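Some notes on the structure that comes next.
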Amino acid sequence: SSMEALSLSSPMSPPVILTQDELKKIAAYKAVEFVESGMVLGLGTGSTAKHAVDRIGELLCQGKLNNIIGIPTSKKTQEQALSLGIPLSDLDNHPTIDLAIDGADEVDPHLNLVKGRGGSLLREKMVEGACKKFVVIVDESKLVKYLGGSGLALPVEVVPFCWKFTANKLQNLFESSGCVAKLRNDCKGEPFVTDNGNYIVDLYLKKDIGDLQVASDAILRIAGVVEHGMFLDMATTVIVAGELGITIKNK
Ligand code: 5RP
């Protein structure tokens, strides 16, 4: 893996305190520099990816990019892209994607990710799994020593049918990591429903779950599970924006 650091301010200039949203925007704009005319682009979901989609729309509008086809990873991103006039298609028509840009909830030192706090993990995994290049954009708060290390949950998309049964199986699977499985609710206290009509069970872990590939396989073997939010060995580049500048990590 290689690393490249770019400073945001010259050594002599006074320190600039940036908000988390400004850092997200810096990472997003940097990622859009990888976009070239004629590309089929996976469009991510979330507050960081939103900046990238805005920027792509702006460059298209200014005529600085041409012939882009966007493949959105959620209904929300689809609406945003449509409102910006970005031409859209889907994986059925474009099974190979040149480049995807998306945020993440956690990034470990091997560039494995946790995604899905926004609930779009299934479509994200389908689209980003079909990409030649997958550029992840984060502010430095997303970097962790191991997945689960931020104290945030590992999201699992499950079918609504007898979700408690599935949630119990998931909790038991990670019992030794002190796992608590909780159904995700929306702001009205109703079950959160994904774009695919499913529910999300959030797994809160107290410890490292060990071998991630073994954990992934075990989760996917449980009937009722649709997909989980660990994105293992998928990111090709991670762009991290921090107070001291931008760091680009390549696989
Ligand atoms: C949605 C995701 C998002 O990319 C992830 O939650 C990061 O979101 P944000 O950029 O708002 O911090 O995986 O399913």
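From the C-alpha gyration tensor of the range 16-80, pull out the three semi-axes of the equivalent ellipsoid (sqrt of 5λ each), sorted largest to smallest, in whole Å.
Over the Cα atoms of the range 16-80, the semi-axes work out to 20, 15, 9 Å.
Between Val159 and Leu232, what length comes free when the chain is fully extended (0.36 nm per residue of separation minus the Cα-Cα distance, one decimal in nm)?
Result for the pair: 24.0 nm of gain on full extension.
Can you pull the accessible area of Ser83 for me, 1.4 Å probe, Å² to the nearest 10?
100 Å²
Rolling a 1.4 Å sphere over the protein heavy atoms, what is the accessible area per residue of the chain, to the nearest Å²?
For the chain, the per-residue accessible area is 49 Å².
Once the convex hull of the C-alpha atoms of the range 57-184 is built, how many Å³ does it hold per residue, rounded to a whole number?
About 140 Å³ per residue, rounded to a whole number.
Running Debye on the range 173-251 with equal point scatterers at the Cα sites and no solvent, what base-10 log of I(q)/I(0) appears at q = 0.20 Å⁻¹?
Taking Cα atoms of the range 173-251 as identical point scatterers yields -1.04.
For the pair Lys132 and Gln171, what calculated FRET efficiency results from E = 1/(1 + (r/R0)^6), where r is the Cβ-Cβ distance and R0 = 35 Å, to the nearest 0.05?
Once the sixth-power term is evaluated, E becomes 0.40.
Report the net charge of residues surrounding Ile239, where surrounding means a beta-carbon distance below 9 angstrom and charges are Lys +1, Arg +1, Asp -1, Glu -1.
Value of the local net charge: +2.
Could you check which residue among Thr237, Thr77, Thr19 shows the biggest mean-square fluctuation in a GNM of the chain with a 10 Å Cα cutoff?
Thr19
Defining a contact as two alpha carbons under 8 Å apart and six or more residues distant in sequence, what relative contact order in percent does the chain show? Each step should come with its number before you reach the end.
Details: 535 pairs, mean separation 61.2, N = 251.
About 24 percent, as a whole number.
Of the options Val107, Phe161, Ser120, report the single residue whose Cα projects farthest towards the positive end of the charge dipole of the range 82-174 (beta-carbon charges: Lys, Arg +1; Asp, Glu -1).
With unit charges placed on the Cβ atoms, the residue in question is Phe161.
Starting from the Cα coordinates of the chain, work out the convex hull volume and express it per residue in Å³.
136 Å³
Filter the DSSP H helices in the chain by two things, a Kyte-Doolittle mean of at least 0.5 and an axial alpha-carbon span of 27 angstrom or more, and list the hits by number.
Result, helices passing both filters: zero.
Which of rounded, prolate, oblate describes the range 54-93, given a ≥ b ≥ c as roots of the alpha-carbon gyration tensor eigenvalues and a/c under 1.5 marking rounded, otherwise prolate only if a/b is larger than b/c? Intermediate values should be presented prior to the final figure.
Working: a/c = 2.84, a/b = 1.46, b/c = 1.94.
Judged from the Cα gyration tensor, the range 54-93 comes out oblate (a/c at least 1.5, b/c at or above a/b).
Given the C-alpha atoms of the range 73-118, compute the convex hull and give its volume per residue in Å³. All intermediate terms of the calculation are to be shown ahead of the outcome.
Values: hull volume 4.9 nm³, N = 46.
Dividing the Cα hull volume of the range 73-118 by its residue count gives 107 Å³.
When Lys and Arg each count +1 and Asp and Glu each count -1, what net charge do the other residues less than 15 Å away from Pro191, Cβ to Cβ, add up to?
Result for the neighbourhood of Pro191: -1.
Keeping all protein chains in place and using 1.4 angstrom, which order do Lys75, Lys125, Lys115 fall into by accessible surface area, from largest down? Before the final figure, lay out the partial values.
Numbers: Lys75 100, Lys125 35, Lys115 5 Å².
The ranking, largest first, comes out as Lys75, Lys125, Lys115.
Residue separation times 0.36 nm, minus the C-alpha to C-alpha distance between Ser37 and His110: what's the value?
Once the chain is fully extended between Ser37 and His110, it gains 23.2 nm.
Considering only Cys187, Cys162, Cys61, give the residue with the highest GNM mean-square fluctuation for the chain, with springs between Cα atoms whenever their separation is below 10 Å.
Taking springs between Cα atoms under 10 Å, the residue moving most is Cys187.
How large are Rg and Dmax for the range 114-198 when calculated on the C-alpha trace, in angstrom?
Just the Cα atoms of the range 114-198 yield Rg and Dmax of 14.5, 39 Å.
The values are calculated or read from the model by the stated rules, or taken from the named source; none is laboratory data. The model shown is predicted, which means the values in this text are computed figures rather than measured ones. Cβ: placed from backbone, ideal geometry, glycine included. Neighbour counts: every protein chain shown. Just the protein is used for accessible areas: all its heavy atoms, side chains included, with ligands, DNA and RNA removed. Shrake-Rupley method; radii C 1.70, N 1.55, O 1.52, S 1.80 Å.
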